[in-house]
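The structure appears below as structure tokens.
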Amino acid sequence: MDGLPGVNLANLNPQQKEGVLHPGGPLLVLAGAGTGKTRVITYRIANLIARGVAPDRILAVTFTNKAAGEMRRRIEELSPGRGALVWIHTFHAFAARLLRRHHARLKLPQHFTIYDQSDQKRTVVAAMKTLGLEDQNNKAAMYVSIISRAKDDLLDAQSYSIHAMTAGGPARKTAADIYLAYQRQLDAAGVLDFGDLLLRTCVLLREHEDVRAQYQEQFQHMLVDEYQDTNHAQYVLTRTLAAKHRNVCVVGDDDQSVYSWRGANIRNILEFETDFPDAKVVTLEQNYRSTLSIIEAAGKVIRNNKSRKPKTLWTDKPAGEAIVVRELPSEMEEAAWVARRVSALLEQGRSLRDMAVFYRTNAQSRSFEEALRRAGLPYVIVGAVRFYERKEIKDALAYGRLVLNHLDAAGLRRVINVPPRGLGKTSLERIESFAEARGLPLWEAFRRAAEVPQLTAAARGRIAELVGVVEKLGEQTAGAPASRALAAILEATGYWGWLESQVDSDPEAAGRLGNLQELLNAAKEHEEKQAASGAAPPDLSQYLESVSLQSDIDAYDPNTPAVTLMTVHLAKGLEYPAVFLTGLEEGLFPIGSAGAAPEELEEERRLCYVGFTRARELLHLTYASTRRIFGQVYANLPSRFIIEAQLLFQGVPARPAGPAAAAGPRPVCAPPRRLSAGGGVAPGLQVRHPDFGRGRVVETAGSGDTLKVTVRFDDGRTTKFLARYAPLERA
């Protein structure tokens, strides 16, 4: 039965339809790259609604606001007037919604602030100061990461400290002390960080049986997108909410699990059937995105991983254009070649927004930026300094947070002297010492500035003025739409007027004013979107929460007429007609390959697979034979992933796989063969390759493990191999 009236499933393939129509119980949808997983989720939700499930009893969670918004739009198209009632959120937005609703249960202020990474780092530095560890300020980012991973694993500060005392060395004990001091500062300020959103929600559901029962009953169906990216806290949250009805549908691809460095655990998807022995498994293998050549090359790479669910992507698309593999002498020439190729594609009628350049590390973007600038080609960098990270924007938002939550010490420290109030470092230190000595929040110390010893009368007057302005703004903006509240804050604090006074003397001031105007526009647009969905205009608290929960990719507009530059990690979930996957060198991609553990190498291989499968029509793979790192020039070997994909360096694609190839992969990353194990490899040697047949060595370079051989095959094709990996035998 193809769904109930109102949901037409005719454009779904049999496997997609099987996922959509699954009647209930645990469901695992293994969705390979480009196989239409979003379609399965949205149609499944629409079909549940058509079957009579109330929309507000369906919870769908994913990882970016952009994905959540797209899901919401599609469901509303399929179920007009009802799709908007479905709970569709990112994990963190869902957690924030529950915590706002039940804040009193956890003794949180209703308008708690959510700290971003820069706020966290600033708070860690303040925590280290209280411990006398100022000499470790350069490690603040590392401690932020340690604390974040602990919270992902549901280890609060006390639990982490117990672990450190019983099983940790001095370094871990120091981290535990910093975590405890950091958490005390967050708690005193009525603040949560990103990790707290999930940790506190799990605590809420664990310790308050009535709240847990309420949501377990409410969510009759739960759907989780990108399940391979879930961390332990998200796993526990999913299991808890789905415990009663057990109608949990998880959708994902273990071959695209690339976020272990931020807590994701691939075992969550690999062991779903262990958690739910009665789970139905649906595997989506038909790729609708890429050409046959791209799909086959990606498949040859990923089959080398051992920790994966068996699946083989296929497509009914033609082979398409050959995958281009290009060796360049240096990273600068690699970038120049990419720029020339972009220009050539433009001349062939391609659009700038059709093209994306991926790299393994952010540092690699510089050479591509320079090359594209020289060529006069517009580009946009995804993951660079975002709009909401600009100084004037963060200043304005910090004021907004302080108006809502006077206890926000990081926000207070940020705005204390913008605009300048003549409150120097010494004055602030005296106030902080006063607060510490009396166990007061920093804001309360500001309110009692008249009692602070050695503070000048002028400083006390300026502090009293700031306190008065902020408290009055709290009353004036309560319940007001976000755009109106922000405009009042910029005016009353003097921030707008201060920037206006600098326009003639500071060439950047006009741009900062323009950015602030854009902030007001963004708040207004957010209000209009909410109104269109029938919701009340968001107030300042709701708007600041939406900003704090944005990810790097949320602000990206794929319709911008520019070449897109980004790391491969950020590319997941996107697709382009033409892709340049660059820096494919041993040690760079895979990164640190020499000393990498097997599981780390498998994640690098999954990341390469993600890069390959973003391309719809054209895939370019490049690497530099030399690259400058920390001022030194190093020689490079091509990435093993190029070898595993069985791609010829002159751009000749691998032969389309026949029926035999579908039965099982042939090992392509062979252990060292006779060519690399012994001597006698010289021009003229007759060799055989399992795919390309007989050939003759025409050139060699290097020796031992770095031996490269150039082979001309009997059919006229020529390619270069790293002998230690190449499946070449003496003929």
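The values are calculated or read from the model by the stated rules, or taken from the named source; none is laboratory data. What you see is a predicted model, and the numbers here were worked out from it, not measured in a lab. Heads up, the Cβs are rebuilt from the backbone with ideal geometry, glycines too, and the neighbour counts pull from every protein chain shown. With ligands, DNA and RNA removed, areas are computed over all heavy atoms of the protein, side chains included. Shrake-Rupley method; radii C 1.70, N 1.55, O 1.52, S 1.80 Å.
Considering only protein heavy atoms and a probe of 1.4 Å, how much of the accessible area of the chain is carbon and sulfur, as a whole percent?
Looking at the chain in its full context, I get 51 percent from C and S.
For the ranges 84-90, 27-33, 447-453, 377-383, what's the packing order if you count other beta-carbon atoms within 10 Å of each residue, average per peptide, and put the highest first?
Final packing ranking: 27-33, 84-90, 377-383, 447-453.
Just to confirm, what accessible area per residue do you get for the chain at 1.4 Å probe, in whole Å²?
42
Give a residue-ordered list of calculated ³J(HN,Hα) values for segment 562-576 (Karplus: 6.51 cos²θ - 1.76 cosθ + 1.60, θ = phi - 60°; whole Hz; x for Gly, Pro).
So the Karplus estimates, Gly and Pro as x, are 7, 5, 9, 10, 6, 6, 5, 4, 6, 6, 4, x, 10, 8, 9 Hz.
Report the extension gain between ASP187 and ASP506 in nm, rounded to one decimal, defined as 0.36 nm multiplied by the number of residues separating them, less their alpha carbon distance.
Length difference between fully extended and current span is 110.9 nm.
For segment 363-405, I need the span (max minus min coordinate) of the C-alpha atoms along each principal axis, in Å, sorted largest to smallest.
Rounded to whole Å, the extents work out to 48, 19, 12 Å.
Once the convex hull of the C-alpha atoms of segment 63-204 is built, how many Å³ does it hold per residue, rounded to a whole number?
117
Could you give the dipole magnitude of the chain about its Cα centre, charging the beta-carbon of Lys and Arg +1 and that of Asp and Glu -1, in debye to the nearest 20?
Using only the charged Cβ atoms, the result is roughly 1240 debye.
Just to make sure I understand: if all protein chains stay in place, what is the order of ARG628, ARG606 by accessible area at 1.4 Å, largest first?
If we order ARG628, ARG606 from most to least accessible, we get ARG628, ARG606.
Using Cα pairs closer than 8 Å and at least 6 residues apart in sequence, work out the relative contact order for segment 409-564, in percent.
It comes to 19 percent, rounded to a whole number.
With angles folded into 0 to 90 degrees, how steeply does helix 140-152 sit against the dominant principal axis of the chain? Use alpha carbons for both and round to 10.
80
In straight Cα distance, which lysines are under 30 Å from LYS425, not counting same-chain residues fewer than 8 positions off?
LYS121, LYS129, LYS139, LYS391, LYS394, LYS472
Excluding ligands and nucleic acids, what accessible area in Å² is computed for CYS202 using a 1.4 Å probe, to the nearest 10?
10
Run the numbers on the chain and let me know its relative contact order in percent, using alpha-carbon pairs under 8 Å that are six or more apart.
In percent, rounded to a whole number, it is 15.
Roughly what angle does helix 292-302 make with the longest principal axis of the chain, taking Cα atoms, 0 to 90 degrees, to the nearest 10?
With both axes taken from Cα atoms, the answer is about 80 degrees.
Within segment 482-520, report the chymotrypsin sites (Phe, Trp or Tyr not before Pro) that DSSP leaves as loop and that have at most 10 other Cβ atoms within 10 Å.
The qualifying sites: there are none.
With axes computed from alpha carbons, what is the tilt in degrees of helix 425-438 against the longest principal axis of the chain, rounded to the nearest 10 within 0 to 90?
For 425-438 against the chain, the angle is about 70 degrees.
Would you please classify the overall shape of segment 412-471 from the alpha carbon gyration tensor, given that a ≥ b ≥ c denote the square roots of the eigenvalues, rounded means a/c under 1.5, and beyond that prolate means a/b larger than b/c while oblate covers the rest?
Taking the square roots of the gyration eigenvalues as a ≥ b ≥ c, segment 412-471 is rounded.
Hey, if we sort ILE146, ILE431 by accessible area with the 1.4 Å probe, largest down, what's the order?
Order by accessible area, largest first: ILE146, ILE431.
For THR174, what accessible surface area do you get with a 1.4 Å probe? Give it in Å², rounded to 10.
About 40 Å², ignoring ligands and nucleic acids.
Given points 7 Å out from each Cα along the Cα-Cβ axis, report the ALA535 to ASN138 separation in nanometres with one decimal.
4.5
Quick check: residue separation of LEU131 and ASN8 times 0.36 nm, minus the Cα distance between them. What number comes out in nm?
38.0 nm
Given an 8 Å cut-off on Cα distances and at least 6 residues of separation, report the relative contact order of segment 255-356 as a percent.
22
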